[in-house]
Amino acid sequence: QVQLVESGGGLVQPGGSLRLSCAASGSIFKINNMAWYRQAPGKQRELVARITSGGSTNYADSVKGRFTISRDNAKNTVYLQMNSLKPEDTAVYYCNAIVVVSTNLLTDSYWGQGTQVTVSS
């Protein structure tokens, strides 16, 4: 009913920048929170940043001051601008959205397929 498609991952040197995008489509009545999570090999998935429909944000301590989450409600899209990247930021990054589905007005959580970010020299 709802699809999330991520883009923007890749290989970058330490200190570099990347911008991730995640576009939601399908039977969407409203999108509440949108967020980025990441999962490194052998580790649990962790929250990176979250943004509410009103634009309030919160970040993991490890990325504060380096990453910025934003959204375009007209395009149902969330972004993650990642600056001053470190090797420990290497992970698969997943987009998440809490969506009120238009077909039944129920709220559910949806995930993207993930995009690899590798920070290495």
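Pop out the ³J(HN,Hα) list for segment 56-64 in order, Karplus 6.51 cos²θ - 1.76 cosθ + 1.60 with θ = phi - 60°, rounded to Hz; leave Gly and Pro as x.
Along segment 56-64, the couplings run 6, 10, 8, 10, 5, 4, 5, 10, 4 Hz.
Go through 84-90, 17-23 and give me the packing order, highest mean Cβ count within 10 Å leading. Let's see the in-between values first.
Details: 84-90: 15.4, 17-23: 18.4.
Ranked by mean Cβ neighbours within 10 Å, highest first: 17-23, 84-90.
What are the aspartates and glutamates whose alpha-carbon lies under 20 Å from the alpha-carbon of Lys86, with same-chain residues fewer than 8 places away excluded?
Counting by Cα, and skipping residues close in sequence, Lys86 has these aspartates and glutamates nearby: Glu46, Asp61.
Using alpha-carbon pairs under 8 Å, 6+ residues apart, how would you state the relative contact order of segment 13-121 in percent? All intermediate terms of the calculation are to be shown ahead of the outcome.
Values: 236 pairs, mean separation 37.8, N = 109.
Answer for segment 13-121 is 35 percent.
Quick check on the chain: what are the equivalent-ellipsoid semi-axes from the Cα gyration tensor, as sqrt(5λ), descending, whole Å? Let's see the in-between values first.
Numbers: eigenvalues 134, 38, 29 Å².
Calculated on Cα positions only, the semi-axes equal 26, 14, 12 Å.
Excluding same-chain residues fewer than 8 positions from Lys75, which lysines have a Cα within less than 25 Å of its Cα?
The reachable lysines, counting only those whose Cα sits under 25 Å from Lys75, are Lys30.
Since every read-out is calculated from the coordinates, none of them should be taken as a lab result. Everything quoted here is computed from the prediction, not taken from an experiment. Cβ: placed from backbone, ideal geometry, glycine included. Neighbour counts: every protein chain shown.
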